[in-house]
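To keep things clear, I will list the structure first and then write my remarks on it.
Throughout, read-outs are computed from the coordinates displayed, never taken from laboratory work. Computed from a predicted structure; not experimentally measured. Note that each Cβ is placed from the backbone with ideal geometry, even for glycine, and that neighbours are counted across all protein chains shown.
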Amino acid sequence: MRNAIIVPFNEDEKLIITSDNSGSVGEKDQDDVIVPYDVVSYHSFRVAVIECMASGGIPISVVIHNFCGDEALRSLKKGVEKGLSELELVQVEVTGSTESNFSLNQSAVGVVVMGRGIPAEKEIRLEELQTAVIGSPLVGPEVIEQNQQVAPLSIFKRVLELEDLHVWPVGSKGIRYEVSQMNSRWVSPDVHLESDVDLAKSAGPATCFIVSYPPELDSSIRDLTGTLYHPLTIKT
């Protein structure tokens, strides 16, 4: 079960709604992580848009919820627009709202992505596929300090465009949890996962994603992802 709301849209498509938020990350003195607001919104956007697109959606609109003050909204939009540019989705409309009646001591931002498409509804049969993690699980300051290990949106898009594969973003609960969500049969303690990345660590703003694919796509996946490719072995 993905973190997406699926709503009937028309006879052929559905509306796919995803979101992300961050707190105590930004430019306020009491924030735990101090970074520019365009960086904050970029990473919140990437979580929501990766989830939307991996669920079968083509983004049509982005909504920003800004609790950082009026002056922050321009930078927040800039970060979202950077992500849209990397995905070659420059025609997507960006809107938002600011809490201007009260001032918070720490930054808070929410991002909603709305898309339309045809979501896949069947469980993924991992035993018939090869599986890998693209990117590394990173959180907090690591996202900035080790940004070369973050899976770029452009690479995510190119992988997603290949046929007959499944892409699953990794969130704060880690790779092992997400594998269990891909197919309920893989939640058993008898299932062992092996990789050269930490399988339990939070991936923060979706710094990595899981891809499962037929063996004939192996060279294409490795060529696209380069050093970001980490094999994921599933044993019972």
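A Förster distance of 30 Å, applied to the separation of the beta-carbon atoms of Asp70 and Ile118, puts the FRET efficiency at 0.15.
For the range 193-224, the residues whose amide N sits under 18 Å from a probe point set 7 Å from the Cα of Ser180 along the beta carbon direction are 193-195, 198-204, 210. Annotation: the range 1-106 has a Kirkwood hydrodynamic radius of 14.6 angstrom, from the mean reciprocal C-alpha pair distance. Computed from Cα atoms, the angle from the helix 37-54 axis to the main principal axis of the chain rounds to 40 degrees. Residues of the range 202-230 with the amide nitrogen closer than 13 Å to a label point 7 Å from the Cα of Arg158, along Cα-to-Cβ, please. Only 220-229 pass the distance filter.
What share of the DSSP beta bridges in the range 5-117 is antiparallel, in percent to the nearest 5? Around 75 percent of the beta bridges assigned by DSSP in the range 5-117 are antiparallel ones. On a 0 to 90° scale, report how tilted helix 73-86 is relative to the longest principal axis of the chain, with both axes built from alpha carbons and the result rounded to the nearest 10. That helix lies at roughly 30 degrees to the long axis. Summary of the geometry: the range 27-80 and the range 188-231, compared by the centres of their Cα atoms, lie 25 Å apart. For the chain, a crude dipole built from +1 on the beta carbon of Lys and Arg and -1 on the beta carbon of Asp and Glu, taken about the Cα centre, is about 200 debye to the nearest 20.
What do you get for Rg/Rh over the chain if you use C-alpha atoms and the Kirkwood form of Rh?
Over the Cα atoms of the chain, Rg/Rh equals 0.98.
Take the Cα of Asn101, step 7 Å toward its Cβ, do the same at Glu11, and the gap between the two points is 4.6 nm.
For the range 97-102, the Karplus equation 6.51 cos²θ - 1.76 cosθ + 1.60, evaluated at θ = phi - 60°, returns couplings of 9, 10, 6, 10, 7, 10 Hz by residue, with Gly and Pro reported as x.
Over all orientations, the range 126-235 has a Cα convex hull whose mean projected area works out to 6.3 square nanometres.
In terms of distances greater than 23 angstrom between alpha carbons, the cross-link table entries Lys14/Lys201; Lys78/Lys201; Lys82/Lys157; Lys28/Lys173; Lys14/Lys77 yield Lys14/Lys201; Lys78/Lys201; Lys28/Lys173; Lys14/Lys77.
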